[in-house]
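Novice: Right, I'll just put the structure down here and ask away after.
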Amino acid sequence: TGDKGGRVVIFQREPESKTEPFSQGEYNVYSTFQSHEPEFDYLKSLEIEEKINKIRWLPQQNAAHFLLSTNDKTIKLWKVSERDKRPEGYNLKDEEGRIKDICTVTSLQVPVLKPMDLMVEVSPRRVFANAHTYHVNSISVNSDYETYMSADDLRINLWHLDITDRSFNIVDIKPANMEDLTEVITAAEFHPHHCNLFVYSSSKGTLRLCDMREAALCDKHSKLFEEPEDPSARSFFSEIISSVSDVKFSHSGRYLLTRDYLTAKVWDLNMESKPLETYQVHDYLRSKLCSLYENDCIFDKFECAWNGSDSVIMTGAYNNFFRMFDRNTKRDVTLEASRESSKPRAVLKPRRVCAAGGKRRKDDISVDSLDFTKKILHTAWHPTENIIAIAATNNLYTRMYAFTHTHTHTNIHT
C-alpha cells in the first residue's frame, strides 16, 4: 500500500495456524519505507506532492522482491530483501567495524557468517525522473519483464528497467494548441501475454488498443472501443460520468474491465462496438449528480479488479461499500468494509441501498444517509486465491471470499 505521506507499507501473510488448519494466515506488516519526499519544481514554481499514485510488483526472479512506485512525476524501482546472517571475523576490522592498524595484524582468519535476527532491507535501485510534464496516473510492467510504461494525462512513455536516463514516447495526444484539447489519458495497461499490445482509456469513455509492432509512435490505434451514447439520456454530467477511471485486462487477456463513475463494463477484444456486459455499481446516485458535482465527488476515480478465474469482478463505492458481480450467475452483492465487521472469521452481511423515494425494507440504507467522505477507491484481488484487499481511508481490510448456497448468496470472511 502507498499513502499520501509518500510511504509504502508491505504486508506479508503469516503461515496458517496449526490449531486451525483451514484458516487463512493473517497479513502483518513486513516492511515500511519512505518511497518519495515532497519536492519543488523551481522552473514552474510548483510543489510536487509525495503522495504515492501507483505501486506495481515485478515478477519475482530470485529471493528478493522488486516493486515500482510513483508519485506525480518520479518513478522508483525498489529492491526488498531479507538478511538473517552477518559476517564476523574480519582481518582488518575490529568487532565495532573500526579499521585496525596493520602492524597489529599477526595472523589471518577466514570470516564466517553468524545467524542474526531477520532484517528486511529496502533499497532504491533505479530512479526514473524528468520524463513527465503532467501527473503520472498509471504504471504497467510488460510481460517481457524488461520494460514498463508510465502514463500521464497526455503522454505514455516506454522504459527499460535498467535504463533511467531515457524513455521512448509511444503515445502523445497533446494538441499543437492546448485550447483544442478535448480528452486526456486516464489509465493504461499492458496485455498480460503479448508484450507488443497495450490499452489506454480516456476521459471521453473510449478505449484504444495499440500494437507497438505497427509504429514507433502509437498515436493511431489498432482498435477503438466505444459505446454509442443514447441521445435521450444526455445531460450536463454525461461526459463527466462516462470518463473511464480504470482499465484492467483479464488474466486470460481476452477481455477488458473498465470502470466509469456509475458502471463497470466488460469488453471483448473482438467486439469494439459495445461492451459485452454492463454492471450498475450505484445507479441510485443518478438523481444526486448535481450535489456530487458541487462537492467534487463526481470526479472520484474508482479502481476495479478481476478474480483469478475472470469470473467475478469487484469495484468500490461510497459509504465504505464495495460491489461484486458474478459474470456466470449474474448475481451481485454489496458489502461494507468497516471496523465493526472486521472480527476474525466474521461473515459480512450483504447491504442494500434504497433509492430516494423508494420502498424501504428493514436494514436498508437510504441514499440520503450515505457518507460520501467514506469511499472505496482502491481494491485488489489475489491472483490465484479468493482473498481480496480493500483500502478504506487509512484502513486496509483483507478478506476471504466464497460463494455459498445460503440465502445471502455470498460469504465474505474477514
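The values are calculated or read from the model by the stated rules, or taken from the named source; none is laboratory data. Not measured: the values here are computed from a predicted model. Don't worry about glycine lacking a Cβ; one is built from the backbone with ideal geometry, like all the others, and counts go over all protein chains shown. These area figures cover heavy atoms from the full protein model, side chains too; ligands, DNA and RNA do not enter into them. Shrake-Rupley method; radii C 1.70, N 1.55, O 1.52, S 1.80 Å.
Novice: I'd like to check which strands (runs of 3 or more DSSP E) are fully inside segment 66-176 and have at least 3 residues that are more than 26 Å from Lys248 (Cα to Cα).
Specialist: Fully inside segment 66-176 and qualifying: 75-88, 112-128.
Novice: Quick check on segment 38-61. Is at least one of its residues among the β-branched types (Val, Ile, Thr) and over 27 Å from Ser143 (Cα atoms)?
Specialist: yes
Novice: OK, next. Go through Asp332, Asp364, Asp368 for me and flag whichever is on the phi < 0 side of the Ramachandran plot and modelled with pLDDT of 90 or more.
Specialist: Of Asp332, Asp364, Asp368, the one residue that is on the phi < 0 side of the Ramachandran plot and modelled with pLDDT of 90 or more is Asp332.
Novice: Right, next: Name the residues in segment 228-251 that are in a loop (DSSP other than H, G, I, E, B), at pLDDT 95 or above and either closer than 17 Å to Arg327 by Cβ or hydrophobic (A, V, I, L, M, F, W, C) (or both), would you?
Specialist: Matches in segment 228-251: Val244, Ser250, His251.
Novice: Among the residues of segment 137-161, how many are over 23 Å from His65 (Cα atoms) and among the hydrophobic types (A, V, I, L, M, F, W, C)?
Specialist: Selection size over segment 137-161: 3.
Novice: A follow-up question, please. I want to confirm something. Restricting to segment 1-28 and keeping residues that are in a loop (DSSP other than H, G, I, E, B) and modelled with pLDDT of 80 or more, which single residue is most open to solvent (accessible area, probe 1.4 Å)?
Specialist: Lys4
Novice: Of the residues Ser232, Ser238, which is over 24 Å from Asn53 (Cβ atoms), without any contact (Cβ under 8 Å) to a residue 24 or more places away in the chain, open to solvent by 70 Å² or more (accessible area, probe 1.4 Å) and polar (S, T, N, Q)?
Specialist: Of Ser232, Ser238, the one residue that is over 24 Å from Asn53 (Cβ atoms), without any contact (Cβ under 8 Å) to a residue 24 or more places away in the chain, open to solvent by 70 Å² or more (accessible area, probe 1.4 Å) and polar (S, T, N, Q) is Ser232.
Novice: Whether any residue in segment 139-146 is exposed (fewer than 11 other Cβ atoms within 10 Å of the Cβ) and polar (S, T, N, Q) is what I want to check.
Specialist: Checked segment 139-146: no residue is exposed (fewer than 11 other Cβ atoms within 10 Å of the Cβ) and polar (S, T, N, Q).
Novice: Which condition does Asp310 not pass, out of (1) out of contact with any Gly (no Cβ under 9 Å at 6 or more places or on another chain); (2) within 12 Å of Leu262 (Cα to Cα), if it passes all the others?
Specialist: Exception for Asp310: condition (2).
Novice: Can you tell me which of Glu189, Glu179, Glu183 is part of a strand (DSSP E or B) and open to solvent by 20 Å² or more (accessible area, probe 1.4 Å)?
Specialist: Glu189
Novice: While we're here: Out of all the residues in segment 202-221, is one or more of a type in the set (Gly, Ala, Ser) and touching a Leu at 6+ places or on another chain (Cβ under 9 Å)?
Specialist: For segment 202-221, residues of a type in the set (Gly, Ala, Ser) and touching a Leu at 6+ places or on another chain (Cβ under 9 Å): absent.
Novice: Residues that are out of contact with any Asp or Glu (no Cβ under 7 Å at 6 or more places or on another chain) and surrounded by fewer than 21 Cβ atoms within 10 Å (Cβ to Cβ): find the strands (runs of 3 or more DSSP E) completely inside segment 273-323 holding 2 or more of those.
Specialist: On the way: elements: 277-280, 304-306, 312-316.
In segment 273-323, the matching strands (runs of 3 or more DSSP E) lie at 277-280.
Novice: Where the second residue is at pLDDT 90 or above and assigned to a strand (DSSP E or B) and the first is of a type in the set (Ser, Thr, Tyr) and lies in segment 71-89, which pairs have Cβ atoms under 6 Å and are six or more apart or on separate chains?
Specialist: Close Cβ pairs satisfying both conditions: Ser81/Glu121.
Novice: Which one is least open to solvent (accessible area, probe 1.4 Å) among residues in segment 35-60 that are at pLDDT below 95, assigned to a strand (DSSP E or B) and not aliphatic (A, V, I, L, M)?
Specialist: Across segment 35-60, the extreme among qualifying residues is Asp41.
Novice: Further, regarding this structure: Residues that are touching a Phe, Trp or Tyr at 6+ places or on another chain (Cβ under 6 Å), modelled with pLDDT of 95 or more and farther than 25 Å from Asn53 by Cα: does segment 204-217 have at least one?
Specialist: No, segment 204-217 contains no residue that is touching a Phe, Trp or Tyr at 6+ places or on another chain (Cβ under 6 Å), modelled with pLDDT of 95 or more and farther than 25 Å from Asn53 by Cα.
Novice: Right, next: Check whether at least one residue in segment 150-157 is within 22 Å of Ser35 (Cβ to Cβ) and in contact with a Leu (Cβ under 8 Å, 6 or more places away or on another chain), and report yes or no.
Specialist: The answer is no; no qualifying residue exists.
Novice: Follow-up. Within segment 202-220, which residues are over 20 Å from Asn137 (Cα atoms), free of Cβ contacts under 8 Å to residues at least 24 places away in the same chain and open to solvent by less than 90 Å² (accessible area, probe 1.4 Å)?
Specialist: Asp211, Ala215
Novice: Can you find a residue in segment 74-84 that is farther than 30 Å from Ala187 by Cβ, open to solvent by 70 Å² or more (accessible area, probe 1.4 Å) and modelled with pLDDT under 85?
Specialist: yes
Novice: Separate question: Is there any pair linking a residue in segment 371-386 that is at positive phi to one that is at pLDDT below 95 and among the acidic types (Asp, Glu), with Cβ under 8 Å and at least six apart or on different chains, and which?
Specialist: Sorted first by the residue in segment 371-386, then by its partner, the list stays empty.
Novice: Quick one: which of Ala392, Ala346 is modelled with pLDDT under 90 and surrounded by 15 or more Cβ atoms within 10 Å (Cβ to Cβ)?
Specialist: Of Ala392, Ala346, the one residue that is modelled with pLDDT under 90 and surrounded by 15 or more Cβ atoms within 10 Å (Cβ to Cβ) is Ala392.
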